[in-house]
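Chemist: My questions will all concern the structure given below.
The values are calculated or read from the model by the stated rules, or taken from the named source; none is laboratory data. Please read these numbers as outputs of a predicted model, since none were measured by experiment. Cβ placement follows ideal geometry from the backbone for every residue including glycine, while neighbour counts extend to all protein chains displayed. Accessible surface is based on the protein model in full, side chains and every heavy atom, while ligands, DNA and RNA are left aside. Shrake-Rupley method; radii C 1.70, N 1.55, O 1.52, S 1.80 Å.
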Amino acid sequence: MTDILASLFKECTVEDIDKVVYMLQGTVAPPFKGIEIGMGEKFVQQAVSNASGVSKEEVVKEYKTSGDLGIVVSDLLPKKEGTLTVSQVYDAFMKIATVSGKGTQEVKIKSLTELLKNSSPKEARYLVRIPLGKLRLGAGDATIIDALSVRTVGDKSMKAEIERAYNLCCDMGLVAKTLYTDRKAITNFGIKVGNPIKPALAERLSSVEEIIDKIGECYVEAKYDGFRIQLHKEGDKVELFSRRIERMTHMFPEIVQAAREQIKGDAIVEGETISYDESTGEFLPFQFTIRRKRKHGVEEMVEQYPVVYFTFDMLYNGQDLTKKPYIERRSILEQSISEGETIKVSEKIKTKDPEELKLFFDENIGRGLEGIVAKDLNAPYTAGARKFAWIKLKRSYKGELADTIDVTIVGYLAGRGARAKMVGALLGAVYDEESETFKTVAKVGSGMTEEQMKTLKQMLDEIRVENKPKNVDAIIVPDVWTHPQYVITVSADEITLSPSHTCGRVDELGYALRFPRMVSWIREDKKPEDSTTVKEIIEMYDMQKHAKTS
Ligand code: AMP
């Protein structure tokens, strides 16, 4: 895949490269801008009918037989050479994505019709899959980065540099364009207010002693179970981004307002947002905070269940701070924020004593929090990487894994008999960063209410696919395969070795979760690629072995 992409990139001009990159990702702009091409099936059918001159009824009939409008349109269009350019295709999809107001649907249908009229049957086959969200090329960020490196220097040696630039702006089109314009600009790539930075992630260890052994004297902070927000402030303009790099500004108007009053100057700040009950002052579970995702009712939520934004890092204050050690960033953060009702700075202690760390941990568990995050005082901000700069320690119960696992649903086993309208068990997979594939690790059949099992069936049926997706590696064959899209959190008793799962599989044995149960609803804040990774499962397995023998 890398070689195919690299030869495509060699043919691209500086004018076209960003457009090509966005379209490879199935979109027309970096995902955080929230510009979506989506068009309903009915409208795409209408465009196919208009472009081919075949009646809508006939198009629908053909569609029912083949199940793919791509095949339908390539069968119906007259054979001819296509005349489209990258810009024409891109501009048409940009128009489809951004047109608003009266007559929107007509404009969309017309734009797609024009494109199809000017394309060859083969081109049309792929073009209609774009607004339907069914192109699914499977070229992940890592492959695009590899291919950009191969195109530029002939091998993958530029990968780290390109990846760094991408982690600092989350805009692959911009990175590619910069690379085509001036290679040195990639080396000197800096952060930009308004472009989200890929969040740093935490490693895990299983005891306070191990934490002190690993990083020595450190800051230890309360771990709040909320919604991670990266806040960008430039003058009075404030934007909020989720951990998935989605724009969330509409969700928390009180943070936007408070940022103007409580944060000094231009800034990029990170923290955890958590709802509380105005009448009791109690923190509410994550599921509650995420309800704000619905566009309606946000104002009432602000009244009844306001949020606190516990900031814990600062990446920019007019200057790029990401290379500075944490102790300095944290100090700048504390000086830049005047704490108030909505924006606070996370609680912390500084210690090198395991006993003191344990006491702080217990206190936080006692308050109903998840655990603690210990931070290496000397570490820079590790954008997009899971490093020992941050180490989490979570509460655990006897006979339970010390941390929960985020799995992507790749299919389900159907409920039987009276449960025919429900899922029986979900096939859960973790992410293998090296091969960019999902490897199964568990069949999750408990922890769900009947209502949830019904809803899951409906949701999963909408994204079902006929065969195992290309980027899924499995031995178990579920009744229904789904496109990897939804992430859930599960807890389990332990990690075992099993012949049925593909996670970390060597010599016919992979890793599997013993007694997995769902402990969250669909994690709207996580993308499939944000699932727990194969590498982490192996580390957790080793930690568990270690705990058993010590
Ligand atoms: P996890 O999602 O279990 O890997 O834990 C890491 C997450 O904990 C981060 O992504 C944050 O959303 C959250 N978190 C809560 N409190 C803190 C804190 N004080 N410092 C860093 N991360 C925190």
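Chemist: Kindly state, as a whole number, the per residue volume in cubic angstrom of the convex hull around the alpha carbon atoms of the stretch 335-473.
Modeler: 215
Chemist: Which percent of the accessible area of the chain is formed by carbon and sulfur heavy atoms (probe 1.4 angstrom)?
Modeler: Here it works out to 49 percent.
Chemist: To one decimal place, what orientation-averaged projected area in nm² is obtained for the convex hull of the Cα set of the stretch 380-425?
Modeler: 6.2
Chemist: Turning to a different aspect of this structure: Could you calculate, for the stretch 405-549, the ratio of the Cα radius of gyration to the Kirkwood radius, expressed as Rg to Rh?
Modeler: 0.96
Chemist: Please state, rounded to one decimal and in Å, the Kirkwood hydrodynamic radius that the stretch 201-394 gives when every pair of distinct Cα atoms enters the mean of 1/r.
Modeler: Answer for the stretch 201-394: a Kirkwood hydrodynamic radius of 17.1 Å.
Chemist: Under the definition of Cα pairs under 8 Å and six or more residues apart, what whole-number percent is the relative contact order of the chain?
Modeler: Relative contact order of the chain: 12 percent.
Chemist: Please give the direction-averaged projected area of the C-alpha convex hull for the chain, in square nanometres with one decimal.
Modeler: Dividing the Cα hull surface by four gives the mean projection, 28.0 nm².
Chemist: Follow-up. Could you check how many percent of all C-alpha pairs in the stretch 53-208 are farther apart than 21 Å?
Modeler: More than 21 Å apart: 63 percent of the Cα pairs in the stretch 53-208.
Chemist: Give me the distance between the Cα centres of the stretch 233-262 and the stretch 485-550, rounded to whole Å.
Modeler: Spelled out, the Cα-based centre of one part sits 34 Å from the other.
Chemist: Using a basic spin-label model with each label point 7 Å from the Cα along Cα→Cβ, how many nm lie between Asp91 and Asp353?
Modeler: Calculated label separation equals 7.0 nm.
Chemist: If you don't mind, there's one more thing I want to ask. For every helix of n ≥ 4 consecutive DSSP H residues, a contribution of -39,500 (n - 2.57) applies; sum these over the chain, divide by its total residues, and give [θ] at 222 nm rounded to the nearest 500 deg cm²/dmol.
Modeler: It lands at -11000 deg cm²/dmol.
Chemist: Turning to a different aspect of this structure: Taking a cut-off of 12 Å, what percent of all Cα-Cα pairs in the stretch 269-322 are separated by more than that?
Modeler: 69
Chemist: Moving to a separate point now. Would you compute the Debye intensity of the stretch 239-293 from its alpha-carbon atoms alone, equal scatterers and no solvent, and pass along log10 I(q)/I(0) at q = 0.15 Å⁻¹ to two decimals?
Modeler: -0.49
Chemist: I need the fraction of alpha carbon pairs in the stretch 487-550 separated by more than 16 Å, rounded to a whole percent.
Modeler: Value for the stretch 487-550: 53 percent of Cα pairs lie more than 16 Å apart.
Chemist: Here's another thing I want to ask about it. Nearest 10 degrees is fine. How inclined is helix 41-52 to the longest principal axis of the chain, computing both from alpha carbons?
Modeler: 30
Chemist: Right, another one. Which whole-number value in Å² is the accessible area per residue of the chain, probe 1.4 Å?
Modeler: Counting only protein heavy atoms, the per-residue value for the chain is 46 Å².
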